[in-house]
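As structure tokens, the structure follows; a few thoughts come after it.
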Amino acid sequence: MVKKNSIDQNQIMGIIPHRYPFLLVDRIDDITPEGTGVGFKNVTSDEFWCQGHFPNHPVMPGVLQIEALAQTACAIAFYSKGTSSEENMGYFAAIEKVRFRKTVVPGDVLELHVRQISQKAALYKFEGKAKVNGEVVSEAVFTAMMQ
């Protein structure tokens, strides 16, 4: 069942330009006009990073967790503006207050909680918390130039 104010992976690809293997969001729920929402990433054992990070004990790199938060944020912002992936690009301008609290491994469902803090022209600032089973695994405040 599709929830109200939700978008699936095909819709996400219509909003942001990322594609496999670097599209790190499967679905986004509870999108609001104020710039909040929750993305989901099903972490699987066939992820591109599993072979080398780390062999026989794969752990999702923290930088990819932050990227997943940023992709969620961009998709929410552009979805709210009603634009498509042909028109949209988002680039990191700053990443602050990054914390990695627990490991993320294949089998986990990464919940990507994002909230827009501010917008000044093309600069958008977001707060993001990635969770697994309700526990924060990583978090950051990040700014993106979105055009």
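The values are calculated or read from the model by the stated rules, or taken from the named source; none is laboratory data. Worth saying up front: this structure is predicted, and the values here are computed from it rather than measured. Please note: Cβ atoms are built from the backbone with ideal geometry, for glycine as well, and neighbour counts cover all protein chains shown. Side chains are part of the model used for accessible areas, which takes the heavy atoms of the whole protein and leaves out ligands, DNA and RNA. Shrake-Rupley method; radii C 1.70, N 1.55, O 1.52, S 1.80 Å.
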- Karplus (6.51, -1.76, 1.60) ³J(HN,Hα), θ = phi - 60°, over the range 80-94, in Hz, Gly and Pro reported as x: 5, 7, x, 10, 10, 5, 5, 9, 10, 9, x, 10, 4, 10, 7
- Item | Excluding exposed DSSP-loop GluC sites (Glu not before Pro) (at most 10 other C-beta within 10 Å), longest clean stretch of the chain | 87-147
- Would you mind finding the longest exposed-site-free stretch of the chain, with exposed trypsin sites (Lys or Arg not before Pro) meaning DSSP loop and at most 15 other Cβ atoms within 10 Å? 20-100
- Query: How much FRET efficiency would the formula 1/(1 + (r/R0)^6) give for Asn56 and Lys102, where r is the Cβ-Cβ distance and R0 is 30 Å, rounded to 0.05?
  - Reply: 0.95
- Query: So what's the back-of-envelope 222 nm ellipticity for the chain, counting only DSSP H runs of four-plus at -39500 (n - 2.57) apiece and dividing by all residues, rounded to 500?
  - Reply: -5500 deg cm²/dmol
- Task: Using a 10 Å Cβ count of at most 16 others and DSSP loop calls, identify the longest part of the chain lacking such chymotrypsin sites (Phe, Trp or Tyr not before Pro).
- Result: 50-147
- With charges only on Cβ, +1 for K and R and -1 for D and E, what is the dipole size of the range 6-58 about its Cα centre, in debye, rounded to 20? 180
- Item | Rounded accessible area of Thr36 (nearest 10 Å², 1.4 Å probe) | 40
- Query: Which residue, chosen from Ser138, His53, Phe40, occupies the Cα position most advanced towards the positive end of the dipole of the chain, where the dipole is computed from +1 (Lys, Arg) and -1 (Asp, Glu) charges on Cβ about the Cα centre?
  - Reply: Ser138
- Would you pull out the residues with amide H under 5 Å of Met60's amide H, same chain only if 5 or more places away, H placed 1.01 Å from N? Val104, Val105
- Message: Based on the alpha carbons, how large is the Rg to Rh ratio for the range 1-101 when Rh follows Kirkwood?
- Response: 0.98
- Mind giving me the nanometre distance, one decimal, between the label points for Ile95 and Tyr20, set 7 Å out from Cα along Cα→Cβ? 2.5
